[in-house]
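A quick write-up on the structure given underneath.
The values are calculated or read from the model by the stated rules, or taken from the named source; none is laboratory data. The model shown is predicted, which means the values in this text are computed figures rather than measured ones. As a convention, Cβ positions derive from the backbone with ideal geometry for all residues, glycine included, and neighbour counts pool all protein chains shown. To get the accessible areas, we keep the full protein, side chains included, count just its heavy atoms, and leave off ligands, DNA and RNA. Shrake-Rupley method; radii C 1.70, N 1.55, O 1.52, S 1.80 Å.
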Amino acid sequence: MSKAHFGLIGLGVMGENLVLNAERNGFSSVVYNRTYSKTEEFLDGRGAGRRIQGAKDLQDFVEKLERPRRILMMIKAGSAIDAVIEKISPYLEDGDLLIDGGNSEFRDTERRVEQLEQKSFGFLGMGISGGSKGALEGPSMMPGGTKSSYDAIEELVSKMSAQVEDGPCVTYIGPGGSGHFVKTVHNGIEYGIEQILAEAYDLMRRVGGLNGSEMADVMARWNNSEELCSYLVEITEGCLRYKDPKDGSDLVERIMDKAGQKGTGLWTVVSALELGAPVPTIYAALNARVMSSIKRQRVEAESILGKTVVRPFHMGSVEDGMAPLMDAVTLACIASYAQGIELLKIGSDQYKYNLQMPSIAQIWKGGCIIRSRLLSRIQSAYRDCPDLPNLFIDPWFSEQLTRRLPGLTAVVAGGVKSGIPLPCLSSTLDYINSYRTGRLPQNLVQAMRDCFGSHTYERVDIDGTFHTDWLD
Ligand code: 6PG
């Protein structure tokens, strides 16, 4: 049998779908899985009748690949990646290329790129977004590492990825761990939008008294608008409309209210804190998941501290798409993108990744979980002004802010009066209000720091650094 173009390690659902995608696009493949029975099962099932061969061990796997070898690892992030690298390295030759397609921590990727290049192998850390369906039909791909490594897979990934009007949803992101850094921030934005939609659901259900189908109708309206048309709004409509086959009630109401996480949201926030990038909406989404996980304490506290009393307020109607709520959701979604992009820009400067915002917006326009029509506007905003300090400064986005701020303010105020937690919506309001306030009260913080710790301060009226004995 002739040598295969492409090798895949790890036949989980993402791995299976990616290899089927590669084969469909003309790349004969070889697959390896730690347990060979899984490989056999795949080759007899979904892989049957395709140009996909199996390998029993890593040496056999490597020998079945044409050179330079292109090997995608779809295995659990962390030590498993290092273990496979160690096991496969003895069989690799100069110029062969390993690609980590999982959600790895970008600093691990940075280290692996360096380590493997010392051995004359290529290593790419490639964020892949789109879930299992995207993996099969065309995901968004975010590869980072050396440019020559990317060149070796450009044809493969350009064909495998989702396609939008201006090209494939893949591009060379930059050196080192940049691909995984961009994927991590993508996931931070994903956390933000998911939580924003969960807060909208909570308000519609508890304040508006809407049932699942009515809320789904609101989502359908939102998904018809330029501002909110997106994959996450589309699937939220589907989730809210779904009925429990057991009794025809809304299935979403039967789900335990505890959200887990696999780490990327946390890494986004940790990176932001380290880099000094403000990401309050994304942080609020992460913290909301943490709060949700302490279910037992929350239930106990409800009986001790008293349940919140919902006071109805104007959120619009299903027919008008709950206009003020739509304002709030729109601004919070824009804030999630704005904060994520600001983090990318600060990270790009710090780590010398040379990230190109219009290209990143383009490859997020299709295939990935945060794909949305807003991304075309984001792409234009950074094309028109590469040094844009914040998305809300762009004329189209600033008009959105001006028009929709009263709605966001009213919704947050109403939620506060009703005791409904709105972490992302209220953080967004604070973010916007802080950002548009020329003088914040941190002058007093500086005074206190100087008072107890002689940390000094600057003045607005005289140049220099000052210290005062405040209590003398
Ligand atoms: C994607 C997703 C995916 C992620 C899941 C789960 O872009 O396809 O981001 O990579 O693993 O969404 O993430 P959490 O478990 O952390 O929510």
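Ordering PHE42, ILE52, TYR150 by the projection of their Cα atoms onto the charge dipole of the range 6-176, which places +1 on the Cβ of Lys and Arg and -1 on the Cβ of Asp and Glu, puts PHE42 at the extreme positive end. Simple point charges give the picture: +1 on the Cβ of Lys and Arg, -1 on the Cβ of Asp and Glu, and for the chain a dipole about the Cα centre of about 940 debye. Of the residues TYR172, GLY208, ILE189, the one whose Cα sits farthest toward the positive end of the charge dipole of the range 157-215, with +1 on the Cβ of Lys and Arg and -1 on the Cβ of Asp and Glu, is TYR172. Think of the chain as a dipole: +1 on every Lys or Arg Cβ, -1 on every Asp or Glu Cβ, centred on the Cα centre; then among GLY238, GLN362, PRO280, GLY238 lies furthest on the positive end. Taken about its Cα centre, the range 183-435 carries a charge dipole of about 520 debye when Lys and Arg each add +1 at the Cβ and Asp and Glu each add -1 at the Cβ.
Checking every one of the trypsin sites (Lys or Arg not before Pro) in the range 251-360 against DSSP loop status and a limit of 15 other Cβ atoms within 10 Å picks out LYS258, LYS262, LYS307, LYS352.
3J(HN,Hα) along the range 173-181: 7, x, x, x, x, 4, x, 6, 5 Hz, from the Karplus curve 6.51 cos²θ - 1.76 cosθ + 1.60 with θ = phi - 60°, whole Hz, x for Gly and Pro. Our helix-only sum for the chain, with -39,500 (n - 2.57) per DSSP H run of n ≥ 4 divided by its residues, gives a mean residue ellipticity at 222 nm of -17500 deg cm²/dmol. Protein heavy-atom surface of the range 6-176, 1.4 angstrom probe: 48% of the accessible area is carbon and sulfur, with nucleic acids and ligands not counted.
For the range 319-429, a simple Cβ point-charge model (Lys and Arg +1, Asp and Glu -1, everything else neutral) yields a dipole of about 240 debye relative to the Cα centre. Past the 20 Å Cα-Cα mark, which pairs from LYS147/LYS183; LYS56/LYS87; LYS243/LYS295; LYS87/LYS119? Violating the 20 Å Cα-Cα cut-off are LYS243/LYS295.
Of the residues ASP202, ASP44, ASP108, the one with the largest accessible area comes first in the ranking ASP44, ASP108, ASP202, computed with a 1.4 Å probe on protein heavy atoms. In the complete set of protein chains, residue-level accessible area for HIS455 is approximately 90 Å², probe 1.4 angstrom. Taken per residue, the accessible surface of the range 103-143 reaches 35 Å², heavy atoms only and a 1.4 Å probe.
Under the combined filter of DSSP loop state and at most 14 neighbouring Cβ atoms within 10 Å, the range 77-137 retains these GluC sites (Glu not before Pro): GLU93. Taking Cα atoms, how many degrees apart are the long axis of helix 106-118 and the longest axis of the chain, rounded to 10 and kept between 0 and 90? Once rounded, the angle reads 30 degrees. Based on protein heavy atoms only, the range 183-435 ends up with 44 Å² per residue of surface accessible to a 1.4 Å probe. Contact order for the range 6-176, expressed relative to its length and based on alpha carbon pairs under 8 Å spaced 6+ residues apart, stands at 20 percent. Here the accessible area is traced with a 1.4 Å probe on the protein chains. For the range 183-435, carbon and sulfur cover 56 percent of it.
Classification of the range 290-356 by its C-alpha gyration tensor yields an oblate form. The axis ratio a/c (a ≥ b ≥ c) is 1.5 or more, and b/c is at least a/b. Ordered by 1.4 Å accessible area with all protein chains kept, LEU401, LEU266 run largest first as LEU266, LEU401.
Look at the alpha carbon pairs under 8 Å that are at least 6 residues apart: their mean separation over the length of the chain gives a relative contact order of 13 percent.
Phi-derived couplings, Karplus 6.51 cos²θ - 1.76 cosθ + 1.60 at θ = phi - 60°, listed residue by residue for the range 407-423: x, 4, 4, 5, 5, 5, 4, x, x, 4, 4, 8, x, 8, x, 10, x Hz, with x used for Gly and Pro.
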